[in-house]
Amino acid sequence: MHRRRLLLAVLIGVPLGVGLFTMHYAGGTAYLSSDPQACVNCHIMQGHFDSWQKSSHHGVAVCVDCHLPADFFGKYLAKMDQGWRHSKAFTLQDFHEPIMAAESSQRIVQDNCVRCHSELLHPSIANAATDRDQLSCVHCHRAVGHGAWVALGGPERGEAAERERK
């Protein structure tokens, strides 16, 4: 009986210990916060972070405000889902370039756009938050939070506007 308990403790303890050490060593605990610097732990996100700093949303929203649900349980479930997918993709190097948001992440962003800006939206759009056939806010407002166009006033704005005119 004593050997079984010891074996069970080892079978549970070793993977748990290795997992906790790896999470700590890789700075994984930073992902439990709302600090935008946590997103830059992954170097592929540096461009998104830099353009967010120049965006119109910089003063009013951080990454988690747009990319995670507002409710506590939804937020941490999404963090677990996204963390698993991101760590698997980057470890195995099987992610799409340029990096693209999963459908579930796109739904979260859309829901947050509607939640924060419902007073600006036509009622048919604001009330259609559960209608997945609706036009996505980022379809037209892709550069508001971050992106290639960096929002109004950003250094790439003039170049993007010039390309749009051609």
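Each value in this text was obtained by applying a stated rule to the coordinates, not by laboratory testing. Since the structure is predicted, the reported quantities are computational estimates derived from the model, not experimental observations. Counting neighbours? That spans all protein chains shown, and the Cβs are built from the backbone with ideal geometry, glycine included.
The phi-based Karplus calculation (6.51 cos²θ - 1.76 cosθ + 1.60; θ = phi - 60°) puts the 3J(HN,Hα) values of the stretch 19-31 at x, 5, 4, 4, 4, 5, 4, 7, x, x, 5, 4, 6 Hz, whole numbers, x for Gly and Pro. Remark: the stretch 35-42, residue by residue, has Karplus-estimated 3J(HN,Hα) of 6, x, 4, 4, 5, 7, 3, 9 Hz, where x stands for each Gly or Pro and the curve is 6.51 cos²θ - 1.76 cosθ + 1.60 at θ = phi - 60°. Distance between the pseudo-spin-label points of VAL60 and ASP35 (7 Å out from Cα toward the beta carbon): 2.6 nm.
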